[in-house]
Amino acid sequence: MKNIIYNIFIYFSIIFLCVALYRADYLKIPEIHSLTFLLLSIPFLFAGFIGNAYAWQKSLEQAGFKVGFKESFNSIGLSMFGKYIPGKIWMVMGRSGYLATKKNYSISQLSIISLNAQIITLWVGLMIGFIGLCFLEGFGLYGWFMVFLGMILSALIFSPFFHSLISSLIRLVLRDEINLPRLTNRSVILILPSYFAYWILWSVGFYFLSISLLQTDVSWLSGFGFPLASTIGIMAIFSPGGLGVREVIITGYLTLSGISLSESTTVAVTARLWFLLGEISVFIAAWVLRLRDG
């Protein structure tokens, strides 16, 4: 029964992905000025996905759940398009649902760890983007907004009070006195490098992508715009997959680094296609691995 429900989730996520992309009309291939740099961006793109699966695996291990890397990778890959389902809750529930069917773990407990991991992902993405803004002297109002978001996420990650509050709400909704796991401050600090690593890998890949599309000089700080834009896109609950939101943030960030508005827009839209190709590849790889396991 769990497998049937999870399969339905996968099919629905693919349908919502197709609908969202069709409406947004992002599937346009721009002019490539440097094939070399475009090809250089690909290994960093896929390395980021591998790092994402590794960080998820380490988060589970720190919470006491033993999961192999292949299982972690499959849970990430097969739930990849859950973010295009309105509400974003399937970003948290999707990977938890896969592991619950494979390992017979409690989906409620796994979902809490998934939520914690998602909050850490957002926190790290904001920190990297914030550093880039400071170097670009683009702090301003957006910088203070990021500080505010960072403080909220920091409280959710490190404050026992907020964790107890969330746990109480979940128990109230589920009407079950289950033991909800929690990542301690020490365990969070131990896994933070893995989260920084995959955001940096994607940042480098995005930087090479930008160079491949532009004939003007591109600051290395432009790469930091990708974690920031992706994070804000995830937090924009009203936008499936962050469509539109991510592109606006990337465009604004690149203009701060001295790139023209039209060129920044081209990079922002192409980055969606670039990352989507990576997501599709990871999804297919996870699907094949799942079929091989039976």
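The values are calculated or read from the model by the stated rules, or taken from the named source; none is laboratory data. Only a predicted model underlies this, so the values are computations on that prediction, with no experimental measurement involved. Heads up, the Cβs are rebuilt from the backbone with ideal geometry, glycines too, and the neighbour counts pull from every protein chain shown.
Residue by residue through region 82-105, note down the ones that are under 18 Å from Phe238 (Cβ atoms) and in a helix (DSSP H, G or I).
Taking region 82-105 first, the residues under 18 Å from Phe238 (Cβ atoms) are 82-92.
Matches in region 82-105: Gly82, Lys83, Tyr84, Ile89, Trp90, Met91, Val92.
Would you be able to say whether some residue in region 135-148 is aromatic (Phe, Trp, Tyr), surrounded by fewer than 19 Cβ atoms within 10 Å (Cβ to Cβ), modelled with pLDDT under 65 and outside any helix (DSSP H, G or I)?
So in region 135-148, the residues aromatic (Phe, Trp, Tyr) come out as 135, 139, 142, 144-145, 148.
With surrounded by fewer than 19 Cβ atoms within 10 Å (Cβ to Cβ) added as a condition, the list becomes 135, 139, 142, 144-145, 148.
Add one more test, that the residue is modelled with pLDDT under 65, and what stays is 139, 142, 144.
If we keep only those that are outside any helix (DSSP H, G or I) too, we end up with 139.
Checked against the condition, which is being aromatic (Phe, Trp, Tyr), surrounded by fewer than 19 Cβ atoms within 10 Å (Cβ to Cβ), modelled with pLDDT under 65 and outside any helix (DSSP H, G or I), region 135-148 yields at least one hit.
Condition first: modelled with pLDDT of 90 or more and either in a helix (DSSP H, G or I) or on the phi > 0 side of the Ramachandran plot (or both). Now tell me which residues in region 62-76 satisfy that.
Answer for region 62-76, where residues must be modelled with pLDDT of 90 or more and either in a helix (DSSP H, G or I) or on the phi > 0 side of the Ramachandran plot (or both): Phe69, Lys70, Glu71, Ser72, Phe73, Asn74, Ser75, Ile76.
So Ile237 clears everything in (1) at pLDDT 90 or above; (2) out of contact with any helix residue (DSSP H, G or I) (no Cβ under 8 Å at 6 or more places or on another chain) except one condition, right? Which one?
(1)
Taking region 248-257, which residues are at pLDDT 85 or above and either touching a Ser or Thr at 6+ places or on another chain (Cβ under 6 Å) or under 21 Å from His33 (Cα atoms) (or both)? Break it down stepwise before answering.
Keep residues of region 248-257 that are at pLDDT 85 or above, which gives 248-255.
Hits for region 248-257 are Ile250, Thr251, Leu254, Thr255.
Only one residue in Ser260, Ser281 is of a type outside the set (A, V, I, L, M, F, W, C), surrounded by fewer than 23 Cβ atoms within 10 Å (Cβ to Cβ) and closer than 28 Å to Glu71 by Cα. Which one?
Working: Ser260 fails: closer than 28 Å to Glu71 by Cα.
Being of a type outside the set (A, V, I, L, M, F, W, C), surrounded by fewer than 23 Cβ atoms within 10 Å (Cβ to Cβ) and closer than 28 Å to Glu71 by Cα holds for just one of Ser260, Ser281, which is Ser281.
Being more than 20 Å from Gly258 (Cβ to Cβ) and surrounded by fewer than 23 Cβ atoms within 10 Å (Cβ to Cβ) is the filter here, so list the residues in region 199-232 that pass it.
If the condition is that a residue be more than 20 Å from Gly258 (Cβ to Cβ) and surrounded by fewer than 23 Cβ atoms within 10 Å (Cβ to Cβ), then Ile200, Leu201 are the ones that fit.
Is it the case that some residue within region 235-244 is under 19 Å from Leu40 (Cα atoms) and crowded, with 21+ Cβ neighbours inside 10 Å?
We begin by selecting, within region 235-244, every residue under 19 Å from Leu40 (Cα atoms); these are none.
No, because not a single residue in region 235-244 is under 19 Å from Leu40 (Cα atoms) and crowded, with 21+ Cβ neighbours inside 10 Å.
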